[in-house]
Each structure stands twice: as C-alpha cells, then as structure tokens.
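Asker: The following block contains the structure, expressed as structure tokens.
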Amino acid sequence: MTIDPAKLAPEGVRTLAPYIPGKPLEELEREYGIRDSIKLASNENPFGPGQRALEAIARAAREIGLYPDGSGYKLKQALAKKHGCNTHCITLGNGSNDVLVLIAEAFLSPQSEAVYSQYTFAVYPIAVQATGATARIAPANPAGHAMPLGHDLAAMAKLVNERTRLVFVANPNNPTGTWVSGDALRSFIAGVPEQTLVVVDEAYIEYVSTSDFPDASRWLAEFSNLIVTRTFSKVYGLAGLRVGYALSHPSVADMINRVRQPFNVNTIALAAALAALDDAEHLKRSVETNRAGMAQLQAGFDALGVRHLPSAGNFVMIDCGRPAPAVYEAMLRQGVIVRPVGNYGLPNHLRITIGTREQNERMLAALKKALLP
Ligand SMILES: *Cc1c(COP(=O)(O)O)cnc(C)c1O
C-alpha cells in the first residue's frame, strides 16, 4: 500500500481523540513495583458488587454455553416495575456507554448536529464524531459560578437549531460533579424543538441527596423527545460487567434497538443487574458511605487549602492551583490513583472518586505530601 490505511477512515474517526481510561491498579503496581495501591480514578463503588449480585453471577456462570436472552426479558420486567414504565421504553446496553453510542448511531448522520457542554463526559464527543455529525460545544459556567464549570443550559439552548438531533446533559455531570436543578432542566427540555432529542445521563443519580434534583425519568410520559440513561457501573458496583440502559418513548427505543447488536448484554451481566436491583441493603450502605466520604473529602480539602467543586456524585473535582500531572504522579508513587482531566481541557484539576473511610484518609495524606513544596 502506498497510502497510509488510516486515511481510509472517515474524517470524523481520524480526528477522534481516543478515550483515556483511569489507570488500572495492576498497571501501576507493575510499572512502579509497588503493592497495596488504591484506585480512586473511575468512580467505581469501593465495595464492588453486593452479595446478591455475586451469588447471581455464580449461578449464571453455568448458563454461559448458551447465548444470552437478547431481549433481556427479566431485567426489563424489573426495570419497568422500578420506573413505572412499559418494557418497550427500555433499551439495554453493554454499559450505558453502549447505549449512548447506539443513540448516536440511530439518530445522527453527517448532516445533523449534536450539542453538549464543555467539560462533560468524554464519551459524547466520541459517539457524535464517529457518525460524521457536527458537535456544537457550549461554553460551561465560569469558575466563579455557583456550579463552576458546570452546564450552562441557556448557552446550550442557543446552539440548538433545526439540524440538532441530540443534546447530551449529564446530571450530575462528570468530571465536574456539578448539577442542574429540576426547574432549569425541565424548562430546557420543554424549550427545545420536538425534533431534538434530549439525552439526560443519570449515571450517578442514586448518590444524589440534594433537594430540587430532578429524576428526569419521571418526565418521560410528557416529553417524547426525552431519553434518560442509567448504569449499573456506579452505585451497583458492576462496572466490570458492563450493563446500562436507556428509558425513552417506545418509538425511540425501537430505533435504538435496530442498531443494537442482538446479544449486546451478556448472560452474567443480565443476572447480576437483576439481583443488584433487589439489594436495597447494598445500595443503602454504598450511598451512606459515599455521603460520609463526601464530608470527609470536603473537610480534608479545606484543611489543605485545596479548592474543590460542589458535587452530587461519588467523586469530587479539585483545583490544584498548579499543573495537575505532577501532583498525580506524586500520588501514584504513593500508590494512590486519581484522575487527571487535562484531556477535558482542565490541566490544573484532578477528579477524585470517594472511597471507603480508610481509602479517603490515605488519598488525603498522599495529596498533602504531593502538594508539599
Ligand atoms: C461512568 C459514567 C457512565 C457509565 O458508563 P457505563 O458505560 O455504564 O459504565 C455514563 N455516563 C457518565 C456521565 C459517567 O460518568
């Protein structure tokens, strides 16, 4: 070949910046020759899955000689009950990431546009750009705002035009942790044209305790252009199994379903998610630990004089007041993995997942040492 085969890919794909995941524990320990390190970098549940999910996983392992139930019948039944909706409103995905990509594939084309905010989930640009659609990126709230670097819904609304098929709103937002209120989100959805679908990504909603936080899934009957996504990767502790879902108008679900791989969610994941929905105790323990951990982190950051953003999730973004990569490195050497967010255009910030009390203590000690002159 005399040409670079990379040139064969469409421009949207060639110009994509690949997703940068959090550093895996094994990789850190291999590279630095250390042990007993902790990962607070990917917003995982520090307890992992609950007992019920683990038992379901063991049972389901015996079934994996057969293809999974491609319709996800049992899990959809349980989700329909949880959300008070019809099973035809549900699309299951190999993580909600899968669902987000399927939504983009089903509704975007090189002629259409999608809108999202600056400093939001890195999967949106990838999903949009791969379809050849044009991404319109709204400026985020300024640093001095009550929700610094968070979504400016008015700025997002301004970018919506007749070619806009999708708008992505992560609530709470990742990586900032900021959120938008129920009133603001509701008027935003009511204000966009009917031919624009609004995707509200509620990956962290189970952790939210702040009042006036909207559960957008309650508005599905009202807005046929609303899609809500949820995941089992965060509070349910099943990140490694990959299960998520979308709730939408049945016609929207029908379109997403047409581009879905028939067996996109595996047998073990289906069984574990179903069991996890039934484990209220694990959920409660996870949410309570997170609440205490949030207070612990905020107090710890304040004591160190480190600026932190308001967060409704299971993570906090801090402003190191200096280039974050050196702080990140110094923490890695102490066996603590956090998440640099330079790829989001935030070179001085770190995103830190809330862990157990002991993990949080260790992280704060490592941060303190990393920040010493
Ligand atoms: C973690 C996260 C998800 C979940 O991704 P999965 O593919 O379900 O693991 C979705 N949206 C946001 C904003 C997230 O931070």
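Asker: Considering only DSSP beta bridges whose two residues both sit in segment 142-288, what percent are antiparallel, to the nearest 5?
Answerer: Roughly 30 percent of the DSSP beta bridges within segment 142-288 come out antiparallel.
Asker: Need one number: % antiparallel among DSSP beta bridges in the chain, to the nearest 5.
Answerer: 50 percent
Asker: Expressed in nm to one decimal, what extension gain is obtained for the pair residue 36 and residue 109 from 0.36 nm per residue of sequence separation less their Cα-Cα distance?
Answerer: 21.6 nm
Asker: If you project the alpha carbons of the chain onto their three principal axes, what span does each projection cover, largest first, in Å?
Answerer: Here the Cα extents, ordered largest to smallest, are 59, 57, 50 Å.
Asker: Would you calculate the volume per residue, in Å³, of the smallest convex hull containing every Cα atom of segment 262-307?
Answerer: 103 Å³
Asker: Just to be sure I understand the rule: take each whole DSSP H helix in the chain, project its Cα atoms onto its long axis, keep it if the span is 30 Å or more and its mean Kyte-Doolittle hydropathy is at least -1.0. Which ones pass?
Answerer: 280-304
Asker: Give the aspartates and glutamates whose C-alpha is closer than 13 Å to that of residue 234, dropping any in the same chain fewer than 8 places away, or say none.
Answerer: Partners found: 44, 201, 202, 206.
Asker: How much length would be gained if the chain were fully extended between residue 210 and residue 145, taking 0.36 nm per residue of separation minus their Cα-Cα distance, in nm to one decimal?
Answerer: Gain in length upon complete extension: 21.6 nm.
Asker: Over 32 Å between C-alpha atoms is what I'm after, so list which of 158/368; 7/76; 23/368 land there.
Answerer: Checking Cα-Cα distances, 158/368; 7/76 exceed 32 Å.
Asker: Right, another one. Could you list 344, 73 in order of exposure, starting from the residue whose Cβ has the fewest other Cβ atoms within 10 Å?
Answerer: Listing 344, 73 from fewest to most nearby Cβ atoms yields 73, 344.
Asker: Would you mind computing the Rg to Rh ratio of segment 239-332 from its alpha-carbon coordinates, Kirkwood style for Rh?
Answerer: Checking Rg against Rh, the ratio lands at 1.13.
None of the figures in this text is laboratory data; all of them are computed from the coordinates on show. Note that the coordinates shown come from a computational prediction; the quantities given were computed from them, not determined experimentally. A quick note on method: Cβ atoms are made from the backbone with ideal geometry, for glycine too, and the neighbour counts reach across all protein chains shown.
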